[in-house]
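> Attaching a single structure in structure tokens format; questions to follow.
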């Protein structure tokens, strides 16, 4: 996969996902060592190009790169062409001229990482774009589930929340489906995207039905600004109908695990108690985020001129 | 070339095409010829001898620490561990150390080999480490293993056990205990392998070491690492 | 006396429903007549064997960007691109800077066109001042200055009462009101058709209902006012249905459809190419099929390109930040030939939708090869295969979803008032 872009889970084969997860398992071992640094990417340069602020994801990539001995440079343009004149492509080309070996791109608008990937020689990893994809989050979620359940195939995974505006939901839908899991989505109808069933998932507006027999429950963060768009009436109503607590969890399988991409709105998506205790695996997700991103940087980092890159 | 392949205890098999004496030494591609240079009995015998040598050379066996390099080093390490227990009455810890992330060719383009297992049960501080590898050639894997090991502590000394030393060293690496020296041509492949694997994916007895003729001229391929050396 | 003989082509004249192989003689800028083996004495001869000879195309919906946005296009470059695309008359929308909501702007456009454009340019004036949807423009004065129709294209005239008054008032000047039918609240910054593709891409979605609601509203207002309503760039199945019903009811409701809405679906946007972004957006295959049927049935009378140039750097931005619109002139003919190749439209009917339909709606010359009419003629090679490269075209801009694609069908000559303004060999010519 050297030199290949990672824009979305949609572009990956099942075999590629398996390779990434296996490599991430190896990286998880490195993360457990006393000395957590290996010389693998010595002399390589990785640029974190974050048009949208994200302390968590950026730190995770930064730690991953540094543990592999790469030089990691953070670049956070304060504005984008939505409100300023330098175009995203000019910014990206400027960075490319510095010969990075990998560029990690985050942007609030869907499609930007792909457009940047089209003009850069360095491979591009999408660290989240609008409501399009967030492949590294989905991969670390799959890694976490694999570690907890020993398999992905045949599991029932329920994603709860604002599916329509969630890149995490999309990438997880593609990923878990590819790996043979049954994926369900649940949320208030205005938060369920048009024709989501075409992606092979079942959509529910009744949480109890959605949770029936679920092995994995993934709660999504509610963006308060969505309230302005009137996608749901109030936090209180959302929390009452779609917020997870121990009582609602009874409908799921006995050994179900609870996930959240973070940061959690305590008492909204997850009860305070559920945020911190089993069966929540939120901190495992964070830990796996570093291992997973180390795996991706290991597999992808390296400049291959785009014309000669294997497709 | 035939003279370089010890005839004992070798069993000659061909993997492609009819058996043909004239093809030997000039094989290439699909007609490569395999020669078993060590069978399971010979391997066990070599390790017994090595275990004796190890016991002989060390007064305090409690400081020993076996570090096996996957994949081939792992079953060899386990056998050596049990032989040390039998011969020296010593419980020697066995760690597994993947050297992939320490390879010196990762920054040079197109390789990102799959990672293998690393399981180091404890620090190697103050230990006498025996690195166990199946086939040593260029010495680059041993170099990587030494670098990797430093991340797990500061051993008193490091020694190398190799089932096969096939030569073609590219680094100043010395083998302390060798099962068998097998001189080969650069293009040859030397492989430690087994008939099967355990459910966890580890190689399982019976084992053997085979040489496959590559037939490339020595001069033009010098500097290239034989695959068996990894 | 200047004579031009177009020899041996397949003459397609929608005005007289003629489809025959013959020579066409042009004299002093007018059609002299057609016949077999006409006398070529002192005439410039154009060999049209194997080609179609039809009235020059009339495009009732284009954006020439002058005045104010000459970096995207101007009347000269747009006019040349139009000539290269076989168009001899184009109507240009009012969303210039300043907006064409004042007779001085209308006159400026007409003057510029007279000086710089190889093809005739007909301004469409704004229906409301500044396209703001609040205060009506001086339609009488604008009509007198040369405006052929009224439209707030690009905007949806949100206030139904204002729209009612615009429709009422337009009856006085006997011109169509062309509406950009999109409910801006429901559209809600949507940039791609709501459906599988919008969900896949995670881009804000623009539902079909945003168009349907507005078409239904404006038809209701037309029923009440008796005005002439024209729905611009129809893109949805329901919009076609509503127009069909209104026409069956006897109302003066018409519609146009763009080459892209006839041939491309929202799947084109799967690669986030901003050259597939326009308003209304590319829709589903079902919508495309309905638009084609509407055009075949005559529910929609005209093909209009909605030629909308934007500078490369304006399109090279985030998908949601990119301006809407694509180039249309130089690809229109090969693209719409798809309907002939698929046996949905006869060559004669295609020529009707490319010229006569629009000419009648905006009340300009064109769409006919009858003796005595202005000699606006296009010679087309229906079989020619070529590759479209916007950089080689006449527009100042490059934003086309067909860039780099193979095209079948090509404009060979364009004649305006008897003068060759485009020749495949020599390019656009000064008149």
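The values are calculated or read from the model by the stated rules, or taken from the named source; none is laboratory data. Since this is a predicted model, take the numbers as computed values, not measurements. Glycine also receives a Cβ, built like all others from the backbone with ideal geometry; neighbour counts cover every protein chain displayed.
> Identify all residues within the range A:4-50 that are within 22 Å of the chain's Cα centre (by Cα), farther than 22 Å from residue B:119 by Cα and within 9 Å of another protein chain (Cβ to nearest Cβ); write none if there are none.
Once the filter is applied, which keeps residues that are within 22 Å of the chain's Cα centre (by Cα), farther than 22 Å from residue B:119 by Cα and within 9 Å of another protein chain (Cβ to nearest Cβ), the range A:4-50 yields only A:10.
> Another question about this same structure. Considering the range A:164-200 alone, what residues qualify as being within 13 Å of another protein chain (Cβ to nearest Cβ), outside any loop (DSSP other than H, G, I, E, B) and more than 17 Å from the chain's Cα centre (by Cα)?
Selection gives A:190, A:191, A:196, A:197, A:198, A:199.
> Take residue C:285 and tell me if it is without any contact (Cβ under 8 Å) to a residue 60 or more places away in the chain, in contact with a helix residue (DSSP H, G or I) (Cβ under 9 Å, 6 or more places away or on another chain) and within 14 Å of chain A (Cβ to nearest Cβ).
So residue C:285 passes the test.
> Sort through C:74, C:28, C:37 and tell me the only one that's in contact with a helix residue (DSSP H, G or I) (Cβ under 9 Å, 6 or more places away or on another chain) and surrounded by fewer than 24 Cβ atoms within 10 Å (Cβ to Cβ).
Just a single option satisfies the conditions, and that option is C:74.
> Quick check on this structure: which one of C:90, C:135 is under 24 Å from residue C:332 (Cβ atoms) and either touching a helix residue (DSSP H, G or I) at 6+ places or on another chain (Cβ under 7 Å) or surrounded by fewer than 24 Cβ atoms within 10 Å (Cβ to Cβ) (or both)?
One residue alone meets the criteria, C:90.
> Looking for something assigned to a loop (DSSP other than H, G, I, E, B), modelled with pLDDT of 95 or more and touching a helix residue (DSSP H, G or I) at 6+ places or on another chain (Cβ under 9 Å) - is there at least one such residue anywhere in the range C:237-247?
Within the range C:237-247, not a single residue is assigned to a loop (DSSP other than H, G, I, E, B), modelled with pLDDT of 95 or more and touching a helix residue (DSSP H, G or I) at 6+ places or on another chain (Cβ under 9 Å).
> Quick one: in the range C:168-198, which of the residues that are crowded, with 23+ Cβ neighbours inside 10 Å and over 19 Å from residue C:234 (Cα atoms) is nearest to the other protein chains (Cβ to nearest Cβ)?
C:198
> For the range C:256-270, check the following and say yes or no: at least one residue is in a loop (DSSP other than H, G, I, E, B), assigned by TED's automatic domain parsing to the domain that holds residue C:148, out of contact with any strand residue (DSSP E or B) (no Cβ under 6 Å at 6 or more places or on another chain) and over 30 Å from residue A:8 (Cβ atoms).
yes
> For residue C:151, are the conditions met, namely being in contact (Cβ under 8 Å) with a residue 24 or more places away in the chain and under 15 Å from residue C:180 (Cβ atoms)?
Judged against the criteria, residue C:151 is a match.
> For the range B:80-108, give me each residue that is over 25 Å from residue A:21 (Cβ atoms) and part of a loop (DSSP other than H, G, I, E, B). So that I can check it myself, show each step before the final result.
Of the range B:80-108, the ones over 25 Å from residue A:21 (Cβ atoms) are B:80-94, B:104, B:108.
The answer is B:89, B:90, B:91, B:92, B:93, B:104, B:108.
> Output the number of residues of the range C:316-337 satisfying the condition of being away from every other protein chain (no Cβ under 14 Å) and surrounded by 17 or more Cβ atoms within 10 Å (Cβ to Cβ). Give the steps one after another, and end with the answer.
Here is the first cut: in the range C:316-337, the ones away from every other protein chain (no Cβ under 14 Å) are C:324-337.
Of the ones still in play, those that are also surrounded by 17 or more Cβ atoms within 10 Å (Cβ to Cβ) are C:325-337.
Number of matching residues: 13.
> Here are the criteria: (1) modelled with pLDDT under 95; (2) crowded, with 18+ Cβ neighbours inside 10 Å; (3) part of a strand (DSSP E or B). Tell me which single one residue B:205 does not satisfy.
(2)
> State all residues of the range A:32-43 that are surrounded by fewer than 16 Cβ atoms within 10 Å (Cβ to Cβ) and either in contact with a helix residue (DSSP H, G or I) (Cβ under 9 Å, 6 or more places away or on another chain) or farther than 19 Å from residue A:102 by Cβ (or both); if no residue qualifies, say none. Talk me through it step by step, then tell me what you get.
Filtering the range A:32-43 down to residues surrounded by fewer than 16 Cβ atoms within 10 Å (Cβ to Cβ) leaves A:32-37, A:42-43.
If the condition is that a residue be surrounded by fewer than 16 Cβ atoms within 10 Å (Cβ to Cβ) and either in contact with a helix residue (DSSP H, G or I) (Cβ under 9 Å, 6 or more places away or on another chain) or farther than 19 Å from residue A:102 by Cβ (or both), then A:32, A:33, A:34, A:35, A:36, A:37 are the ones that fit.
> So for the range C:63-70 (the condition being surrounded by 23 or more Cβ atoms within 10 Å (Cβ to Cβ), modelled with pLDDT of 95 or more and either out of contact with any helix residue (DSSP H, G or I) (no Cβ under 6 Å at 6 or more places or on another chain) or not assigned by TED's automatic domain parsing to the domain that holds residue C:304 (or both)), does at least one residue qualify?
Yes, because at least one residue in the range C:63-70 is surrounded by 23 or more Cβ atoms within 10 Å (Cβ to Cβ), modelled with pLDDT of 95 or more and either out of contact with any helix residue (DSSP H, G or I) (no Cβ under 6 Å at 6 or more places or on another chain) or not assigned by TED's automatic domain parsing to the domain that holds residue C:304 (or both).
> Suppose we filter the range A:240-281 for residues that are free of Cβ contacts under 8 Å to residues at least 24 places away in the same chain and part of a helix (DSSP H, G or I); how many remain?
Kept after step one, since they are free of Cβ contacts under 8 Å to residues at least 24 places away in the same chain, are these residues of the range A:240-281: A:240, A:247, A:250, A:254, A:266, A:272, A:275-278, A:280.
With the extra rule that they be part of a helix (DSSP H, G or I), the set shrinks to A:240, A:247, A:272, A:275-276.
Summing the residues that are free of Cβ contacts under 8 Å to residues at least 24 places away in the same chain and part of a helix (DSSP H, G or I) in the range A:240-281 gives 5.
> Working only within the range A:275-311, note down all residues that are away from chain B (no Cβ under 14 Å) and at pLDDT below 90.
Initial filter on the range A:275-311 (away from chain B (no Cβ under 14 Å)): A:275-290, A:293, A:306-307, A:311.
Once the filter is applied, which keeps residues that are away from chain B (no Cβ under 14 Å) and at pLDDT below 90, the range A:275-311 yields A:275, A:276, A:277, A:278, A:306, A:307, A:311.
> May I pose another question? Between C:162, C:148, C:177, which is farther than 17 Å from residue C:254 by Cα and at pLDDT 95 or above?
Result: C:162 is the single residue among C:162, C:148, C:177 that is farther than 17 Å from residue C:254 by Cα and at pLDDT 95 or above.
> Moving to a separate point now. Among the helices (runs of 4 or more DSSP H) contained in the range C:325-400, which hold 2 or more residues that are more than 14 Å from the chain's Cα centre (by Cα) and either within 27 Å of residue C:426 (Cβ to Cβ) or not assigned by TED's automatic domain parsing to the domain that holds residue C:151 (or both)? Write out each step before concluding.
Working: elements: C:332-341, C:347-351, C:357-362.
Hits in the range C:325-400: C:332-341.
> Still on this structure: Based on this model, can you work out whether residue C:275 counts as in a helix (DSSP H, G or I), within 11 Å of another protein chain (Cβ to nearest Cβ) and either surrounded by 19 or more Cβ atoms within 10 Å (Cβ to Cβ) or more than 22 Å from the chain's Cα centre (by Cα) (or both)?
No.
> Take residue C:313 and decide whether it is at pLDDT below 95 and outside any strand (DSSP E or B).
yes
> Now for a separate question. What pairs come up if the first residue lies in the range B:44-59 and is more than 11 Å from residue B:177 (Cβ to Cβ), the second is crowded, with 16+ Cβ neighbours inside 10 Å, and their beta carbons are under 8 Å apart, counting only those six or more places apart or on different chains?
B:44/B:79; B:48/B:83; B:55/B:61; B:55/B:84; B:55/B:88; B:55/B:90; B:58/B:64; B:58/B:128
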